[in-house]
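The values are calculated or read from the model by the stated rules, or taken from the named source; none is laboratory data. Quick caveat, the model's predicted, so the values are computed rather than measured. Using ideal geometry, Cβ is built from the backbone for each residue, glycine included, and neighbour counts are taken over all protein chains shown. Protein only, heavy atoms only, side chains kept; ligands, DNA and RNA dropped before computing areas. Shrake-Rupley method; radii C 1.70, N 1.55, O 1.52, S 1.80 Å.
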Amino acid sequence: MATTEEIRAQLAELVNDVAGVPVEDVQLDKSFVDDLDVDSLAMVEILVGCEEKFGVTIPDEESKNLKTVGDAVAYIEAHS
Amino acid sequence: MTEIVITGLGATTPLGGDLASTWQAMLAGTSGVSAITEEWAAELPVRIAAYVKVDPSEVIDRVKARRLDRSTQLALIAAREAWADAGFTWEGDEDEVDPQRLSVSIASGIGGLHSLLNNWDAHRDKGYRRVSPFTIPMLMANAPAANVGLAVHAKAGVHTPVSACASSNEAISLALDQLRLGRSDIAVVGGTEATIHPLPIAAFGQMQALSRRNDEPERASRPWDRGRDGFVMGEGAAVLILETLEHARARGARIYGTIAGAGITADSHDIVQPDPTGEGQSGAMLKALADAGLAASDIRHVNAHGTSTPQGDLTEAGSIRTGLGDATDDCVVTSTKSMTGHLLGGAGALETIATVLALHERTVPPTINLEDPEPDLGIDIATAARPLPAGDLAGINNSFGFGGHNVAVAVTNANSNR
């Protein structure tokens with residue numbers, strides 16, 4: 001089982017790959033939209049990337065609740 | 001009528017990553033055709049193409065590139081060069097050019113083919129969740145024009161004419177009309193294509209439209225040569241900045257020449273074969289002359305469509321003679337596709353630029369590989385770089401597309417301050 005920090009680090013790489021956000025900026029308290037300037041289409045790509053990377057399923061209706069990096073990490077921890 | 005002048009040029013082609021290198025390679029008679037080395041080509045009857053000399057991944061930021069089809073990436077590279085060449089800042093302030101007076105007309109013959117097919121592959125192999133949310137804005141044929149419009153802040157209209165291999169000459173014609181009608185003062189104009197992919201290579205191959213001279217890629221595109229056996233698929237983009245003479249003079253712009261006129265006809269003959277009488281093709285040239293207020297004897301150079309197909313080259317040679325009459329004897333014809341391959345929706349813009357530069361530099365680039373010409377063509381084809389005389393010069397660029405679209409663009413070196 002990966003640690004919270006390991007999940008955050010892998011997610012940071014994904015966010016960097018999709019949206020060009022520096023990996024060090026992808027911290028648990030950051031909002032994808034407000035802090036990291038990730039737009040809605042990039043967010044879809046990031047969440048699909050999470051499904052592939054962490055073997056979780058993120059239904060479309062769940063994705064709107066994942067506002068911060070911490071929300072996404074917590075969801076992955078709970079469902080992987 | 002308002003004169004429309006050319007104040008910026010840019011291109012990324014199989015001969016070079018910018019226009020200067022492309023033009024030098026053209027004058028030197030260099031082929032941009034090579035073997036397709038990717039695995040998928042192994043089983044195809046056609047295994048040659050003309051890739052861009054500088055891959056867009058070397059130029060476009062990686063994160064931006066993820067959201068842009070290859071055809072759009074190429075258009076952005078060419079547009080950025082043309083925009084800077086005209087003296088403007090790429091992605092600069094809106095103060096530089098009034099957005100309400102700036103339009104875009106950039107064509108593509110096929111559109112975002114790689115994006116469409118790659119996402120279908122992902123859907124079929126891995127399920128719908130793997131389809132990129134950017135697929136639609138990447139595959140739409142207007143994506144190159146729209147992305148260029150965003151970069152330069154164009155608000156007077158952004159357009160994408162589609163007429164197969166005549167598309168970007170039609171884009172030039174559309175922009176010419178819009179500028180003359182006063183709908184904008186300045187326009188970013190051109191065409192792009194990126195279709196070196198197994199499906200179009202197989203599909204054009206099935207039409208028997210592509211050369212199969214796989215063992216000699218550099219000799220495969222050979223317009224008017226008796227050994228020609230089809231065109232070579234090329235990729236790339238070319239962009240011109242057009243302005244009203246008044247707008248260009250007000251800002252002291254450097255002027256290459258004018259887009260003097262354009263002529264459009266349709267064959268209404270066959271969905272892919274040109275009308276063998278050439279009536280539609282010569283008609284387009286005659287309309288371009290009339291629109292430009294030029295006589296046939298003013299035309300000293302024709303950059304032909306000249307794709308290296310058995311029927312197309314013969315038809316066009318006849319059409320040029322029909323259109324220009326005895327003045328054909330004083331006119332130097334070339335096909336730069338002998339070097340670049342066929343850029344489909346990018347061809348008209350690239351070859352209009354080649355025509356403009358030929359007049360501006362007074363040198364016609366050669367048609368390479370013309371070793372055994374068809375007899376009795378009745379046109380004077382430059383097989384080596386050929387000088388043009390001093391004084392006022394006019395030329396025509398022809399582009400013809402599947403569907404029977406014929407578009408001729410007339411250019412001059414007038415107002416050129418060189």
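If the limit is 31 Å between Cα atoms, which of B:53/B:287; A:53/B:53; A:64/B:64; A:53/B:64; A:30/B:53; A:64/B:155 go over it?
Table pairs above 31 Å Cα-Cα are B:53/B:287; A:53/B:53; A:30/B:53; A:64/B:155.
Can you find, among B:178, B:116, B:299, the residue farthest towards the positive end of the dipole of the protein assembly as shown? Put +1 on the C-beta of Lys and Arg, -1 on that of Asp and Glu. Farthest along the dipole direction, towards plus: B:299.
The 1.4 Å probe gives accessible areas that order B:6, B:264, B:271, largest first, as B:271, B:264, B:6.
Mind checking how much accessible area B and A bury in total, 1.4 Å probe, in Å² rounded to 100? Don't jump to the answer; show the numbers that get you there.
On the way: alone 15900 and 4700 Å², together 19400 Å².
By this definition, chains B and A bury close to 1200 Å².
Legend: translational diffusion of the protein assembly as shown by Stokes-Einstein, Rh = Kirkwood radius over C-alpha pairs, 25 °C, 0.890 mPa s; D = 104 µm²/s.
For segment B:62-106, a drop of 20 Å² or more in accessible area on going from the chain alone to the assembled protein chains (1.4 Å probe) is found at B:62, B:63, B:66, B:67. For segment B:246-259, the Karplus equation 6.51 cos²θ - 1.76 cosθ + 1.60, evaluated at θ = phi - 60°, returns couplings of 4, 5, 5, 5, 4, 9, x, 6, 6, 10, 7, x, 10, 8 Hz by residue, with Gly and Pro reported as x. Of all stretches in chain B that contain no GluC sites (Glu not before Pro) in a DSSP loop with at most 14 other Cβ atoms within 10 Å, the longest one is B:95-370.
Let's see if you can work this out: charge +1 on each Lys and Arg Cβ, -1 on each Asp and Glu Cβ, no other charges. What is the dipole magnitude of segment A:4-79 about its Cα centre, in debye to the nearest 20? Dipole of segment A:4-79, to the nearest 20 debye: 100 debye. Which of B:304, B:290, B:250 moves most in a GNM of chain B, Cα contacts under 10 Å? Largest GNM mean-square fluctuation: B:250.
Once you keep just the Cα pairs under 8 angstrom separated by 6 or more residues, what percentage relative contact order results for segment A:4-79?
Values: 73 pairs, mean separation 28.1, N = 76.
Once normalised by length, the contact order is 37 percent.
Only Lys, Arg, Asp and Glu carry charge here, each on its Cβ (+1 for the first two, -1 for the last two); on that basis the protein assembly as shown has a dipole of about 800 debye about its Cα centre. In this label model, residue B:226 and residue B:277 are separated by 3.0 nm, measuring between points 7 Å along each Cα→Cβ vector. Return the single residue from B:258, B:277, B:13 with maximal mean-square fluctuation; model: Gaussian network over chain B, springs between Cα atoms under 10 Å. It is B:277. Fraction of C-alpha pairs exceeding 15 angstrom in segment A:4-79: 46 percent, rounded to a whole number.
Amide H contacts of residue B:308 (H built 1.01 Å from N, in plane; Pro and chain starts excluded): B:224, B:313 sit under 5 Å, all sequence-distant by 5 or more or on other chains. Overall dimensions of segment B:283-387, expressed as equivalent-ellipsoid semi-axes from the Cα gyration tensor (√(5λ), whole Å, largest first), are 19, 16, 14.
Packing-wise, with mean Cβ within 10 Å as the measure, how do B:396-407, B:157-168 rank, highest first? Provide the component values of the computation, followed by the final result.
Values: B:396-407: 26.9, B:157-168: 24.7.
Sorting B:396-407, B:157-168 by mean packing, highest first, produces B:396-407, B:157-168.
Considering every alpha-carbon pair of chain B, the percent of pairs per 20 Å bin, from zero through the bin containing the longest distance, is 30, 59, 10, 0. Close amide H pairs (under 5 Å, H built 1.01 Å from N) link residue A:38 with A:33, residues at least 5 positions away or on another chain.
Which value, in debye to the nearest 20, gives the size of the charge dipole of chain B about its Cα centre, when Lys and Arg are +1 and Asp and Glu are -1 at the Cβ? List each step's numbers first, then the result.
Values: 32 positive and 50 negative charges, 194 e Å.
The calculated dipole for chain B is roughly 940 debye.
Could you tell me whether segment B:28-95 comes out rounded, prolate or oblate from its Cα gyration tensor? Rule is a ≥ b ≥ c as square roots of the eigenvalues, rounded for a/c under 1.5, then prolate if a/b exceeds b/c, otherwise oblate. Taking the square roots of the gyration eigenvalues as a ≥ b ≥ c, segment B:28-95 is oblate.
Accessible-area loss of 50 Å² or more (1.4 Å probe, protein heavy atoms, chain alone versus all protein chains) is found in segment A:14-45 for A:17, A:41, A:45.
Based solely on its DSSP helices, what 222 nm [θ] is calculated for the protein assembly as shown when runs of n ≥ 4 H residues each add -39,500 (n - 2.57) and the sum is averaged over all residues, nearest 500 deg cm²/dmol? Walk me through the numbers on the way to the answer.
Details: 17 runs with 181 residues, N = 498.
Estimated from H runs of four or more residues: -11000 deg cm²/dmol.
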